[in-house]
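Each remark here refers to the structure printed beneath this line.
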Amino acid sequence: MYASLKSIGSYVPEKVMSNADFEKIVDTSDEWIVQRTGIKNRRIAAPNQTTSDMGALAAKKAIERSGLDKDDIDLVICATLSPDHLCMPSTACLISDKVGIRDVMAFDVSAACSGFVYILSIAKAFIESGAKKNILLVGAEKISSLVDYTDRGTCILFGDGAGAAIISATEDKNEAIIDVHASADGKYSDLLITPGCGSTYPCSADMMEKKLQYIKMAGNEVFKVAVRTLTRDVVDILKTNEIKSEDVDLFIPHQANLRIIEAVRNKLKFSKEKTVFTVGKYGNTSAASIPMAMSDAYEEGRLKKGDLMLLDTFGGGFTWASALIRFGGN
Ligand code: UT7
């Protein structure tokens, strides 16, 4: 039995925040942001809109496109770094409820921007073992709730949104997830971190005064490790599976910074036509970045049944992951 990615869907909130909007709140410019990141706009969730609200809307689209009924889903996994609630209930439980999926296992995974590819590897294992048949995966983020809008080094980077996929059992190898590589190295944990609100710095007035509840990043150092790791990861997964880069139909990298994507793309010699770029319009949506990019490619007609996709992602932890997938949808 193989695991197949049968469908993909996404949701983006209505509100657009442009570089001009940031020029009004921090010392920055459209020119600097575009030159250093390639980002022009990001979507920002409404104040009363939660990560699970967005995740559920993306999930409904993915279920509809799969041709399955919500009652066919036997596992729900959500990847997020901005859950509705810090500890419980999990965002996956809330998404299940909003979609109307009852009495099935549901849980969250914390792997920052690599989260969606991490849960893809979990889904693959569940399906190949025969334990589950149709799994709903969601990458959803309301990162605007974790961003310090006075810190110009981070606030201009992030946006909100959600992407979802259905992974189903199949006997057809030509529509299977071929391989997923996922890894981590905690020695870099301080370079990209949300220090507060956990057991290290529990919620307190002092913690909030120090703004420890927000994302902190040593951007330049993260940048260098990201380029190195994203490149090495692709080389490894292609070599392990004896697949040539020219056989890849669509390269879908994590959308954190256009300069990172371009550095990796040039090293790996993927053409622009074969690469998906959404960072300019959505910014970095962390665990939602890869499924949102996949969904955009699908909606643009760039993803056909049997096409070979290569996913490549990197994030806080540090975590990183790549996947080779033959698209199983229509
Ligand atoms: O998703 C997880 C992975 N995340 C990433 O991969 C993000 C990786 N990092 C990056 O994308 C880039 O490092 C940034 C976009 C965050 C920063 O770009 P950079 O080219 O690495 O800039 P820098 O941090 O080295 O800063 C250069 C200068 C500094 O000024 P000084 O010290 O040279 O006077 C910063 O203060 O740019 C300044 N700066 C800004 N200037 C205008 C930093 N942010 C801004 C800003 N507007 N928004």
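Key figures
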{"quantity": "About the Cα centre, charge dipole magnitude for the chain (Lys/Arg +1, Asp/Glu -1 at Cβ), debye", "calculated": "540 debye"}
{"quantity": "Solvent-accessible heavy-atom area per residue, rounded to whole Å², over the stretch 252-330 at 1.4 Å", "calculated": "30 Å²"}
{"quantity": "Stokes-Einstein D for the stretch 179-226, Kirkwood Rh over Cα pairs, 20 °C, 1.002 mPa s (µm²/s)", "calculated": "173 µm²/s"}
{"quantity": "Contour minus Cα-Cα distance for LYS224 and ASP190 (0.36 nm per residue)", "calculated": "10.7 nm"}
{"quantity": "R0 of 41 Å, Cβ-Cβ distance ALA125-GLU299: FRET efficiency to nearest 0.05", "calculated": "0.90"}
{"quantity": "The chain: projected area of the alpha-carbon convex hull, averaged over directions, in nm²", "calculated": "15.8 nm²"}
{"quantity": "Surface accessible to a 1.4 Å probe, LYS210 within the full protein complex, Å²", "calculated": "120 Å²"}
{"quantity": "For the stretch 243-330, convex hull volume per residue from C-alpha positions, Å³", "calculated": "97 Å³"}
{"quantity": "Neighbourhood net charge (12 Å Cβ-Cβ; Lys/Arg +1, Asp/Glu -1) for LYS132", "calculated": "-1"}
{"quantity": "Accessible-area value, ARG43, 1.4 Å probe, nucleic acids and ligands omitted, Å²", "calculated": "60 Å²"}
{"quantity": "Given charges at Cβ of Lys, Arg, Asp, Glu: the stretch 46-167 dipole, positive-most of ALA56, LEU94, SER145", "calculated": "ALA56"}
{"quantity": "Over the stretch 1-60: Kirkwood hydrodynamic radius from C-alpha pairwise inverse distances, Å", "calculated": "14.1 Å"}
{"quantity": "Share of carbon and sulfur in the accessible heavy-atom surface of the chain [1.4 Å probe, %]", "calculated": "51 percent"}
{"quantity": "Amide proton proximity set for SER7, modelled H, under 5 Å, gap of 5+", "calculated": "ILE166"}
{"quantity": "Solvent accessible area, Å² - ASP247, 1.4 Å probe, full protein context", "calculated": "80 Å²"}
{"quantity": "Relative frequency of Cα-Cα separations exceeding 15 Å in the stretch 83-134, percent", "calculated": "56 percent"}
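The values are calculated or read from the model by the stated rules, or taken from the named source; none is laboratory data. All of these numbers come straight from a predicted model, not from anything done at the bench. A quick note on method: Cβ atoms are made from the backbone with ideal geometry, for glycine too, and the neighbour counts reach across all protein chains shown. The area values use the complete protein model at the heavy-atom level, side chains included, leaving out ligands, DNA and RNA. Shrake-Rupley method; radii C 1.70, N 1.55, O 1.52, S 1.80 Å.
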